[in-house]
Amino acid sequence: MKIIHLSDLHLVAPGHQVAGRDPAQSLARALTLVRRDHADAAFCLLTGDLADAGEEAAYAELTRQLADLPMPCYVMPGNHDERAHLRKAFPDLPLSTEGFIQQALPTPAGLFLLLDTLNAGRPGGWYDDARALWLRQQLTGAGEQAIFLAMHHPPFAVGIPSMDRYALRDTAHFDAALKGYEARVRHIFIGHLHRPIGGSWRGMSFSGVSSPNHQVALDMNSCPESGDVPGSLGHPAFGVILIDETRVVVHHHFLDHDDAQFVL
């Protein structure tokens, strides 16, 4: 099974830019490559920060651009998103009684659990007892299925202090919900970091992707107390994920490295 992983689009109202670029044009470049090279993907996963400031116009642009993709798309909120506006644009999104956007997606490869880590008004993520209860119920009811998690905020530090400050905060509820099921989780898809990144955490593999628009610089000496995040314009991309019974392979399709091919 092939899936597409997009994250941190930061769409804005028409006529505006982020980091000197039009995020709508950046997304259009990415989706052109998705349609051209990856039309066989089972679905597209979008792990948050779809809008830069949660504006309705940004989500309207997102729905417009996703409409002609040949595969379904599944969205989840990040800290820049506004749940009410997101659900207005995507009215089929499930909403819990507590107001969280989270869903369980059965696939041939296993059960994808799409999490809501948004803590409205704050850049860091949050996972309270109500969300953790839902996660635990899904894990308990999954039977022997493989589990894949997708979430905006990473639940661990990655060594970039300015971003680690804004990771999932107070992970106790999240950790408790996962306890005993770590061996069943085949992979965790994360957003927020604007970087091609991967590794393992507590035995679970994870990956994150670049933004199609702007990146977080690899600055391991950044000062978290300042609140500033070092940015970069280099190498926008999206992820192409291949999954079978024995592998989870993560490719990064870079938007600015699409030159003519040649024989090595």
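Scanning segment 200-251 for residues that are loosely packed, with under 15 Cβ neighbours inside 10 Å, touching a residue at least 12 places away in the same chain (Cβ under 8 Å) and of a type in the set (S, T, N, Q) yields Ser205, Asn221, Ser226. Among the strands (runs of 3 or more DSSP E) confined to segment 184-223, the ones with at least 2 residues that are closer than 19 Å to Ala146 by Cβ, of a type in the set (A, V, I, L, M) and under 13 Å from the mean Cα position of the chain (by Cα) are located at 185-190.
Among the listed residues Glu98, Glu144, identify the single one that is under 26 Å from Ala41 (Cβ atoms), of a type outside the set (Val, Ile, Thr) and part of a loop (DSSP other than H, G, I, E, B). Selected residue: Glu144, the only one of Glu98, Glu144 that is under 26 Å from Ala41 (Cβ atoms), of a type outside the set (Val, Ile, Thr) and part of a loop (DSSP other than H, G, I, E, B). If the condition is being surrounded by 15 or more Cβ atoms within 10 Å (Cβ to Cβ) and in a loop (DSSP other than H, G, I, E, B), then segment 117-127 contributes Thr117, Leu118, Asn119, Pro123, Gly124, Tyr127. Looking only at residues in segment 60-88 that are within 25 Å of Asp128 (Cβ to Cβ) and in contact with a helix residue (DSSP H, G or I) (Cβ under 8 Å, 6 or more places away or on another chain), the one that is surrounded by the most Cβ atoms within 10 Å (Cβ to Cβ) is Pro77.
In segment 1-40, which residues are without any contact (Cβ under 8 Å) to a residue 60 or more places away in the chain and in a helix (DSSP H, G or I)?
Residues satisfying the conditions are Ala24, Gln25, Ala28, Leu31, Thr32, Arg35, Arg36.
In summary, Leu93 fulfils each of the numbered conditions (1) in contact (Cβ under 8 Å) with a residue 60 or more places away in the chain; (2) under 26 Å from Leu62 (Cβ atoms) with the single exception of condition (1). Looking only at residues in segment 101-116 that are outside any strand (DSSP E or B) and without any contact (Cβ under 8 Å) to a residue 60 or more places away in the chain, the one that is surrounded by the most Cβ atoms within 10 Å (Cβ to Cβ) is Leu115. Given the condition under 24 Å from Arg169 (Cα atoms) and either free of Cβ contacts under 8 Å to residues at least 40 places away in the same chain or among the polar types (S, T, N, Q) (or both), answer yes or no: does some residue in segment 66-73 qualify? Within segment 66-73, none of the residues are under 24 Å from Arg169 (Cα atoms) and either free of Cβ contacts under 8 Å to residues at least 40 places away in the same chain or among the polar types (S, T, N, Q) (or both).
When restricted to residues that are of a type in the set (A, V, I, L, M) and part of a strand (DSSP E or B), segment 158-183 contains 1.
Any chance you could count how many residues in segment 56-89 are in a helix (DSSP H, G or I) and among the aliphatic types (A, V, I, L, M)? Working first, answer last.
Restricting attention to segment 56-89, the residues satisfying the condition of being in a helix (DSSP H, G or I) are 56-66, 83-89.
When the remaining residues are screened for being among the aliphatic types (A, V, I, L, M), the result is 57-58, 60, 62, 66, 84, 86, 89.
Final tally of qualifying residues: 8.
Any read-out appearing in this document is the output of simple, stated calculations on the displayed coordinates, not a laboratory observation. Quick caveat: nothing in here was measured; it's all calculated off a predicted structure. So basically every Cβ, Gly included, is an ideal-geometry build from the backbone, and we count neighbours across all protein chains shown.
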